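Written out below as structure tokens is the structure these notes cover.
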Amino acid sequence: MAEVIAVCISEKKGVCKHEVPYIEVKLDHGIVGDAHAGAWHRQISLLADESIDTMRSYGLHLIPGAFAENIVTRGIELKTLPVGTQLEIGQTLLEVTQIGKQCHNDCAIKKATGKCVMPTEGIFAIVRREGRIYPGDTITVKENRT
């Protein structure tokens, strides 16, 4: 069963995200209170805890939000989901809009290990149905919209 392990936000761009008890997601916006929210295609970022485990194997102590991800998942291979896939998470519905992103050269994790998982294993989504997302919420792959 796929589930949410942690949810994170950052109130300002350029700072690490931190864990919160839940996130509220809104149409045409993303996460209420997150600096990266807005009417664009990367409203919410997701990264699998299994991907973070890969980086932990380098001896790093990594907490949720270390890769600037909003939602940490377990039990779903996010990197294999095509753009257009819909994810029902708790009462919400998200749609995958992008796989991976360019890593910042000044990323502390990449500097320490020579590798970063977010560029190839993180995904981005937009909100299709509003609501709250909590750690422990079940994730269901609904369909591919493309």
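Here is the figure for region 52-83: residues that are under 22 Å from ILE23 (Cα atoms) and either of a type in the set (Gly, Ala, Ser) or over 13 Å from the mean Cα position of the chain (by Cα) (or both) total 6. The residues of region 38-56 that are surrounded by fewer than 20 Cβ atoms within 10 Å (Cβ to Cβ) and part of a loop (DSSP other than H, G, I, E, B), listed by number, are GLY38, ALA39, TRP40, HIS41, ARG42. Every condition in (1) closer than 19 Å to TYR134 by Cβ; (2) open to solvent by 10 Å² or more (accessible area, probe 1.4 Å) is met by GLY14 except one, and the failing one is (1). Restricting the first member to region 26-38 and to residues that are without any contact (Cβ under 8 Å) to a residue 12 or more places away in the chain, and the second to residues that are assigned to a loop (DSSP other than H, G, I, E, B) and open to solvent by less than 40 Å² (accessible area, probe 1.4 Å), the beta-carbon pairs closer than 8 Å and six or more apart or on different chains are ALA37/GLN43.
Restricting attention to region 70-81, the residues that are in a helix (DSSP H, G or I) and surrounded by fewer than 16 Cβ atoms within 10 Å (Cβ to Cβ) add up to 1.
Quick check on my filter: what residues within region 87-99 are in contact with an Asp or Glu (Cβ under 6 Å, 6 or more places away or on another chain) and open to solvent by less than 20 Å² (accessible area, probe 1.4 Å)? First the steps, then the outcome.
Here is the first cut: in region 87-99, the ones in contact with an Asp or Glu (Cβ under 6 Å, 6 or more places away or on another chain) are 89-90.
Across region 87-99, the qualifying residue is only ILE89.
Of the numbered conditions (1) at pLDDT 95 or above; (2) open to solvent by 10 Å² or more (accessible area, probe 1.4 Å), PHE67 satisfies every one except a single condition; which is it? Evaluating PHE67 over (1) at pLDDT 95 or above; (2) open to solvent by 10 Å² or more (accessible area, probe 1.4 Å) leaves (1) as the failure. Looking only at region 45-72, residues that are in contact with a strand residue (DSSP E or B) (Cβ under 7 Å, 6 or more places away or on another chain), over 23 Å from GLU11 (Cβ atoms) and not charged (D, E, K, R) come to 1 in all. Being closer than 20 Å to LYS142 by Cβ, out of contact with any His (no Cβ under 8 Å at 6 or more places or on another chain) and part of a strand (DSSP E or B) is a property that holds for VAL25.
The values are calculated or read from the model by the stated rules, or taken from the named source; none is laboratory data. Not measured: the values here are computed from a predicted model. Positions of Cβ are backbone-derived with ideal geometry, glycine not excepted, and every protein chain shown enters the neighbour counts. All accessible areas refer to the heavy atoms of the entire protein, side chains included, with ligands and DNA or RNA removed. Shrake-Rupley method; radii C 1.70, N 1.55, O 1.52, S 1.80 Å.
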